[in-house]
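Just below is one structure, and these are the notes that go with it.
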Amino acid sequence: MSVFTLSQAEREKHLLPQLAELTAHHRENSEGYERILSSLGIARDASFGSIADLPWLPVRMFKTHDLRSIPESEVFKTLTSSGTTGAGASRIYLDKAAAGAQTKQLGATLQEVLGGERLPMLMVDTIGIIKNRRSFSARGAGVLGMANFGRKHTYVLDENDQPDVEAVKTFLATYGDKPFLIFGFTFMVWQYLYEVAREHKLDLSNGILIHSGGWKKLIDRAVDNTEFRRRFKEDTGLTRIHNYYGMIEQIGTVFLEGPSGNSLYCPDFADVVIRNPETWEEQPVGEPGVIEVVSTLPHSYPGHVLLTEDLGVYNGIDDGDWPGKHFSVMGRLPKAEARGCSDTFQGAAA
């Protein structure tokens with residue numbers, strides 16, 4: 001069953017009551033969240049006219065505050081993000097139900113492009129990334145999470161992080177004549193799969209590539225999303241390519257690139273709001289702003305409405321491959337602006 005079915009009007013109608021209920025649930029069960037909302041003057045009985053009216057938390061709050069809506073005894077799994085901004089790592093608390101729900105909904109989202117069966121899988125990484133379970137990086141967690149959706153896993157890199165061309169050739173000889181799954185982080189996919197496939201004239205035409213991660217290193221090489229797709233198609237035959245956008249602070253929710261490319265779409269249990277960084281009003285189509293991500297998944301911690309530190313733009317509404325808003329991520333906010341977004345809240349939460 002597809003999770004890309006709701007028009008924007010249907011999504012508002014369907015999600016707003018659930019999100020308002022989640023806001024009340026988190027106020028009731030998370031002392032820190034209640035304190036933040038009260039200090040912002042948001043009454044407990046406040047009503048919200050649209051998804052964009054819901055109160056948001058800056059994603060950075062999870063780096064500086066312990067926010068959970070479950071008793072400590074019910075914490076089943078604690079996830080930590082990579083602390084790249086110097087503010088430490090985010091801590092996300094899941095109970096058993098939340099952990100199950102995020103896996104299920106990630107599966108439902110990816111099924112849209114993978115179909116119902118687990119496909120043979122080429123992992124553009126090294127098996128070493130998941131061997132050390134004690135120091136799990138965000139990259140390791142991403143690789144392990146995606147491994148669930150494939151079988152017969154083959155790693156493109158050997159233990160020394162060098163491309164294992166023979167392993168890739170063996171995989172393609174065995175499974176390459178039917179659909180197979182490829183997963184990796186964008187820069188690594190380019191460096192270790194595209195460049196190797198081009199050099200060795202490998203046929204990836206039956207592949208379905210799911211990739212994520214920043215474009216910064218590739219932009220330095222003059223490769224944007226359009227060029228990435230074009231070169232893969234021309235040099236390897238690979239055309240089914242889906243980038244996705246997601247974060248550990250809203251685990252299980254991913255915004256998936258549609259078949260035509262260059263636009264990310266919201267699954268039916270999620271939405272996106274692009275805000276003007278000065279007025280915080282919602283931006284019209286085509287006007288860049290700060291990305292807010294919205295999801296009904298976070299029950300065990302108040303992560304249902306989060307202001308990210310990324311810039312994005314709506315490309316359209318109800319006029320793309322799938323219904324609802326579709327958007328692009330343009331990169332990170334400049335550090336000072338990102339900090340400014342969350343400074344407003346730090347006093348409130350102290």
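The values are calculated or read from the model by the stated rules, or taken from the named source; none is laboratory data. For clarity, every value in this text was computed on a predicted model and none was experimentally measured. Cβ: placed from backbone, ideal geometry, glycine included. Neighbour counts: every protein chain shown. When the accessible area is computed, the model is the full protein with side chains, heavy atoms only, and any ligands, DNA or RNA have been set aside. Shrake-Rupley method; radii C 1.70, N 1.55, O 1.52, S 1.80 Å.
Brief remarks follow.
- The set of residues in segment 300-335 that are open to solvent by less than 10 Å² (accessible area, probe 1.4 Å), touching a His at 6+ places or on another chain (Cβ under 9 Å) and assigned to a strand (DSSP E or B) comprises Tyr314, Gly316.
- Options Leu37, Leu67; residue that is open to solvent by less than 60 Å² (accessible area, probe 1.4 Å) and assigned to a helix (DSSP H, G or I): Leu37
- Within segment 203-212, if we keep just the residues that are open to solvent by 10 Å² or more (accessible area, probe 1.4 Å) and at pLDDT 95 or above, the residue that is farthest from Ser328 (Cα to Cα) turns out to be Asp203.
- A single member of Ala46, Ala89 is in a loop (DSSP other than H, G, I, E, B), open to solvent by 20 Å² or more (accessible area, probe 1.4 Å), among the aliphatic types (A, V, I, L, M) and in contact with a helix residue (DSSP H, G or I) (Cβ under 8 Å, 6 or more places away or on another chain), and it is Ala89.
- The residues of segment 144-195 that are in contact (Cβ under 8 Å) with a residue 40 or more places away in the chain, β-branched (Val, Ile, Thr) and either more than 14 Å from Pro120 (Cβ to Cβ) or surrounded by 21 or more Cβ atoms within 10 Å (Cβ to Cβ) (or both), listed by number, are Val156, Val168, Ile182, Thr186, Val189.
- Extreme residue, farthest from Val165 (Cα to Cα), among residues of segment 187-229 that are among the acidic types (Asp, Glu) and in contact with a helix residue (DSSP H, G or I) (Cβ under 8 Å, 6 or more places away or on another chain): Asp224
- The lone exception for Asn262 - which of (1) open to solvent by 30 Å² or more (accessible area, probe 1.4 Å); (2) closer than 21 Å to Leu67 by Cα it fails: (2)
- Of all residues making up segment 70-81, the number that are touching a residue at least 12 places away in the same chain (Cβ under 8 Å), open to solvent by 40 Å² or more (accessible area, probe 1.4 Å) and in a loop (DSSP other than H, G, I, E, B): 2
- A single member of Ile219, Ile241, Ile248 is modelled with pLDDT of 90 or more and not aromatic (Phe, Trp, Tyr), and it is Ile241.
- Thr23 open to solvent by 20 Å² or more (accessible area, probe 1.4 Å), assigned to a helix (DSSP H, G or I) and either within 28 Å of Ser263 (Cα to Cα) or out of contact with any Cys (no Cβ under 6 Å at 6 or more places or on another chain) (or both): no
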